[in-house]
1. Would you please give the residues with an amide H less than 5 Å from that of Q60, counting only those at least 5 places away or on a separate chain, with H modeled from the backbone geometry?
2. Measure out, as a whole number of angstrom, how far apart the alpha-carbon centroids of segment 44-64 and segment 8-39 sit.
3. Give, in nm to one decimal, the length gained when the segment between R2 and F33 is fully stretched (0.36 nm per residue of separation minus the Cα-Cα distance).
4. Just one of [x] 1.50; [y] 1.23; [z] 0.98 is Rg/Rh (Cα atoms, Kirkwood Rh) calculated from these coordinates, so which is it?
5. Helix 17-26 sits at what angle to the longest principal axis of the chain, using alpha carbons and giving 0 to 90 degrees rounded to 10?
6. Taking θ as phi - 60°, what are the ³J(HN,Hα) couplings along segment 55-63 by the Karplus curve (6.51, -1.76, 1.60), each to the nearest whole Hz, with x for Gly and Pro?
Amino acid sequence: MRCTRCGYRGKPRPEPLWLLLVTVGIWIVPLAFLAFGYWPFLLLPAIAVTVWAVFAIHLQCPACGAPRGAKNSASRTR
């Protein structure tokens, strides 16, 4: 992708990255319970955190930090 603000060409990075890592980590506990044949405790909190992360994580340019789809501020000036 190409950043519309700075012209960077490359992959945008997910931000905040820690939330993505926490979401993956939270799923380990219910899946471990399920692997041992027990009811997957903490399944509902894991689903809730996943839904929260889907709406909170956004992609941004690694060079300038602009969110994906941001408009260039210079193009709006007259």
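1. R13, E15, R68
2. Cα centres, segment 44-64 to segment 8-39: 10 Å.
3. Using 0.36 nm per residue and subtracting the Cα-Cα distance, I get 6.9 nm.
4. Answer by label: [y].
5. For helix 17-26, the angle is close to 10 degrees.
6. 7, 8, 7, 10, 8, 9, 5, x, 7
Where a number appears in this text, it was derived from the coordinates with a stated rule and is not lab data. None of the values given here were measured: they were computed from a predicted structure.
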